[in-house]
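The values are calculated or read from the model by the stated rules, or taken from the named source; none is laboratory data. The model shown is predicted, which means the values in this text are computed figures rather than measured ones. Backbone-built Cβ (ideal geometry, glycine too); neighbour counts: all protein chains shown. To get the accessible areas, we keep the full protein, side chains included, count just its heavy atoms, and leave off ligands, DNA and RNA. Shrake-Rupley method; radii C 1.70, N 1.55, O 1.52, S 1.80 Å.
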Amino acid sequence: MKTIDRVGAFSGAAFVLVVNISSALVGEGSSGADSRGQRVLDEQQRFAANPWTAVAFAMIFLALAAFMMFVGYLCSRVWKAGWLATTALIGGTLSMLAYLTSAAIVMTIFVLRADMSPELARALEDLDGAGHMMQLLTLGVFVLFASGAALVTHTLGRVLSWAGMAIGATNIVVLAATGLATNEEFFAWPFLLVLLWMVVISLRLGFARNRDTAPAAVAATAG
């Protein structure tokens, strides 16, 4: 396994780590405003006063780049599984589009916070929340079919492959079963399962040992 391949493998764990660090930098706050839209704008003002906000935004961009790398790397490892790998790539690509859209919405609210009405701020936040819910579908497809492809190609062990398929299917079923849920917090636990899967798979592939060196050397000697 080449060094560049390990970079691709570890990019999944890097994505999860950098996302959590960026969230910790901006922190969480509360506002006493009665209007939900006004609370959103007050939160943006708090971000503007935080000296770490610019660093947090930069880390989000790096995290998104790491996610792209991980999707590309993992799908390249399981490409022999045919349509399973292709479907996983589609799910990962759509997840990235959802992440980019969410980041664009957050940046729009932040940049226009002084000129934006509370009603518009709330509408954009609700749009962002709906996008997070739909990520259960795209991430579920990515994890489900990537794990299925890994099982077919023997890229991962049976336990990790079946666990990934269960996590991916859970995300899809939860979204389908709840429909238009009004509580976004309900969707947090399936999403956390996806992040856990990404970390485990990333470390598993990143720390994989090179087992082809000895057989290749023996074959060359025999030839």
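So here's what we get for this one:
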{"item": "Max mean-square fluctuation residue, GNM over the chain, Cα-Cα springs under 10 Å, options GLY148, GLY140, GLY131", "result": "GLY131"}
{"item": "Calculated FRET value between ASP5 and ARG36, using beta carbons and R₀ = 45 Å, to 0.05", "result": "0.45"}
{"item": "Sites ARG46 and ALA176 - FRET efficiency at Förster radius 45 Å, r taken between beta-carbons, to 0.05", "result": "0.80"}
{"item": "Net dipole in debye of the range 62-143 [+1 Lys, Arg Cβ; -1 Asp, Glu Cβ; about Cα centre; nearest 20]", "result": "480 debye"}
{"item": "Added length on full extension, which subtracts the Cα-Cα distance from 0.36 nm per residue, ARG209 to ALA114", "result": "28.8 nm"}
{"item": "Ratio Rg/Rh [Cα only; Rh per Kirkwood] for the chain", "result": "1.07"}
{"item": "The chain - charge dipole about Cα centre, Lys and Arg +1 at Cβ, Asp and Glu -1, debye rounded to 20", "result": "1120 debye"}
{"item": "Estimated [θ] at 222 nm from DSSP helical runs (n ≥ 4, -39500 (n - 2.57)) normalised by residues in the chain, nearest 500", "result": "-28000 deg cm²/dmol"}
{"item": "Carbon/sulfur fraction of accessible area - the chain, other protein chains in place, 1.4 Å, %", "result": "68 percent"}
{"item": "Selected from PRO51, PRO118, PRO190 as most flexible by GNM, with the chain as the system and alpha-carbon contacts under 10 Å", "result": "PRO51"}
{"item": "Prolate/oblate/rounded call for the range 70-177, Cα gyration tensor, a/c under 1.5 rounded", "result": "prolate"}
{"item": "GNM top mover of GLY157, GLY206, GLY92 - the chain, alpha-carbon springs below 10 Å", "result": "GLY157"}
{"item": "Gained length - LEU17 relative to ILE90, 0.36 nm times residue gap less alpha-carbon distance", "result": "23.9 nm"}
